[in-house]
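A quick write-up on the structure given underneath.
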Amino acid sequence: MRLEEQYVSPPSNLMRDYINGDHTIRNYFSYEPLQSEFEARYNKLRAHSADRPKISEIIRGFMEPNGISEAAAAHLSDFENGAPVVVTGQQAGLLSGPLYTVHKAISVILLAKQASEQLGTKVVPVFWIAGEDHDLAEISHLYREVNHRVDKLNFPHAEYGKHTASTAVLNKEKVRSFLEEYFRSMPETEYSKSLHELAFSFLQKTATFTDFFAAILNYFFHEEGLLYIDAAYPELRKYEAPYFMKMIERSEEIAESVYSTEQSLVQDGYSAVIGAEKNAANLFVIVEGERILLQRESGKFAGNNGAVSFTDEELMEIARTTPERLSNNVVTRPIMQEMVFPVLAFVGGPGEIAYWAAFKGAFRLLEMEMPVVMPRLNMTLVTRQTESLLKKYNLTFSDVVNDRKIASLKVELEEAIREKKAELLIDELQKKLTAEYEEINLQFSQVSKGLTPLVEKNLQIHIKQLTFLKHKLQDEVMLQHSTQFNHYAFIENELLPNNGFQERIYNPFPYLNFYGSDLIKDILKLRIQYDKNHKIIYL
């Protein structure tokens, strides 16, 4: 395994400006996305009101079913003794979800270590699992390569309705069938059998999407002591009860702040990614097993087009007595995270950082400050087969990802291999035939105008056959050069699947299948600099 690093421009203007130091966007944050900001932030955290022993007990309770490693136990102890946290989060995707989920975890682990050295104090990595999310369509799929194309394999999730990832009890038989199909699509290697057994052992001992996700996350990072907690964990919800009450009390002001900040972002040339509304409550409530988004309407908190509604007092009572019924949306989740944890830095992807740009005022309303918001590390894994093909065609990672050269190479190859002489003969024959049919049509029309459509139809039959012949010729030529086209497709499918970054498409298991179960451990051993450069890891 070896590491290369180079700059790859992010897809969004906001992210490009944020990582490259444009102060128009950076003014929307409390700190620059730099490790040099950690000391100032750490000094502010000394007054954080977290009940550290209680939070530690909650995290331990959630992690215990998967086992508490020595490193995790040490981190829990460090947290109890005053350590701040570096936190990231993600939904509970199947088989850990897209690679960027693992990249986020690697990011907080590396950043916590570097922050510890910089500050001369312990800093703890934490992964916040968004098990409260009920958009199961977003997590119920896997991508694979089939016949030189990227194929999306969807898991049937309709039976779970609007249950959250943490309350949807998995239909084990259907999940097994789905995963069997997925694993069959991977090539057989020396690691395939053990990898299959590993995944199915986790499925066997878990009940929900979140349980399954947490078991895999723990397996990947238990030696690093990554702490993780489910946002929907009932014990955490009980701890959060007074924080929900604050959010209910200040919901109108929070909504107004986020709305006005987003309008300001638009004026500065950025997109309104949240689509904030002034009447948003920015909270969900569970009613009869369904997670419902609330809005403020006519002095009440209402949802489902008015089918459910609560007065301020009723919603406050829910927060006080059954807080597990409440959950956060994209706006209030960062606020809750800050209320619970003394967050030194939050690590997010491009979409999350675009959301966070609208939150500075909302944090201030609740007498808090945004943490240092750090972009997660971006990585691409390059298998030996892909590396070999890059060398064969004298291509670099930058050629494929930055310059998008594969598309032009395909066009050049198609042009070079065309049987132009044969195609020209067909084209000339079609022109002659069309000219002859004009004469035929003239003669036929003198006999009867009604014969004209027959002549035109007959001409189209001949043209269709000539076109068919031409396409068959082209197909045969392409077939004779299919190896090179397939090589181009293979490179693109790995490095730029669906014309985007690999980390947004594939999950880690195809790469574990090639490399073995030590893949993530070995990545963590690399000397990775926490900067804006893309990390290219040759396996």
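Here, each number is a calculation from the coordinates, and none is a lab measurement. What you see is a predicted model, and the numbers here were worked out from it, not measured in a lab. Note that each Cβ is placed from the backbone with ideal geometry, even for glycine, and that neighbours are counted across all protein chains shown.
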Could you tally the net charge around PHE213, taking each other residue with its Cβ under 12 Å from the Cβ of PHE213, Lys/Arg +1 and Asp/Glu -1?
-3
Would you kindly state how much longer the chain becomes between THR322 and LYS54 on full extension, computed as 0.36 nm times their sequence separation minus their alpha carbon distance, in nm to one decimal?
94.6 nm
With everything on Cα atoms, drop me the angle between helix 420-447 and the longest principal axis of the chain, reported from 0 to 90° to the nearest 10.
60
With θ taken as phi - 60° and the coefficients 6.51, -1.76 and 1.60, list the Karplus ³J(HN,Hα) couplings across segment 92-97 in order, rounded to whole Hz; mark glycine and proline as x.
8, x, 5, 6, 5, x
Under 18 Å from the Cα of LYS532, which aspartates and glutamates turn up, not counting those fewer than eight places away in the same chain?
GLU4, GLU5, ASP17, ASP22, GLU32, GLU37, GLU352, GLU503
If the only charges are +1 at each Lys and Arg Cβ and -1 at each Asp and Glu Cβ, what is the size of the charge dipole of the chain around the Cα centre, to the nearest 20 debye?
700
Taking the Cα centre of segment 242-328 as origin and charging only Cβ (+1 Lys, Arg; -1 Asp, Glu), how large is the dipole, in debye to the nearest 20?
120
Net charge of Cβ neighbours under 13 Å - reference GLU70; Lys, Arg +1; Asp, Glu -1:
-3
Give me D for segment 242-328 in µm² s⁻¹, whole number, from Stokes-Einstein with Rh from the Kirkwood sum over alpha-carbon pairs, 25 °C and 0.890 mPa s.
181
Just to be sure I understand, if you calculate semi-axes √(5λ) of the Cα gyration tensor in Å for this structure, which of (1) 44, 28, 20; (2) 49, 25, 18; (3) 51, 30, 24 do you get?
(3)
Quick check: from the Cα gyration tensor, does segment 385-499 come out rounded (a/c under 1.5), prolate or oblate?
prolate
Compute the long axis of helix 452-480 from its Cα atoms, compare it with the longest principal axis of the Cα atoms of the chain, and write down the angle in degrees, 0 to 90, nearest 10.
60
Cross-link candidates for LYS392: which lysines have Cα within less than 17 Å, leaving aside residues fewer than 8 places away along the same chain?
LYS405, LYS410
Take the Cβ-Cβ distance between GLU4 and ALA272 as r, set R0 to 41 Å, and report the resulting FRET efficiency rounded to the nearest 0.05.
0.65
For a label point 7 angstrom out from the Cα of ARG504 toward its Cβ, which stretches of segment 401-424 have the backbone nitrogen within less than 19 Å?
401-407
Using 13 Å as the cut-off for backbone N distance, which residues of segment 255-295 belong to the label zone defined by a point 7 Å from the Cα of ARG16 along Cα→Cβ?
270
Would you please give the residues with an amide H less than 5 Å from that of GLU277, counting only those at least 5 places away or on a separate chain, with H modeled from the backbone geometry?
none
Count charges around ILE59 for me, please; just the other residues with Cβ under 11 Å from its Cβ, Lys/Arg as +1, Asp/Glu as -1.
-2
Please sort 164-174, 322-332 by packing, taking for each peptide the average over its residues of neighbouring beta carbons within 10 angstrom, highest first.
322-332, 164-174
Sequence-distant lysines (8 or more away, or on other chains) whose Cα lies within less than 18 Å of LYS472:
LYS420, LYS421, LYS464
Which percentage, to the nearest 5, of the DSSP beta bridges contained in the chain is antiparallel?
55
Given R₀ = 56 Å, what would the calculated FRET efficiency be for GLU188 paired with PHE444, taking r from the Cβ atoms and rounding to 0.05?
0.30
Theoretical FRET efficiency, 1/(1+(r/R0)^6), r = Cβ-Cβ of LYS420 and ASN329, R0 60 Å, to 0.05:
0.50
Value at 222 nm in deg cm²/dmol, rounded to 500, when DSSP H runs of n ≥ 4 in the chain each add -39,500 (n - 2.57)
-16500 deg cm²/dmol
The chain: angle of helix 251-267 to the longest principal axis, Cα-based, in degrees nearest 10:
40
Would you mind getting the Kirkwood hydrodynamic radius of segment 414-460 from its Cα pairs, rounded to one decimal in Å?
12.3
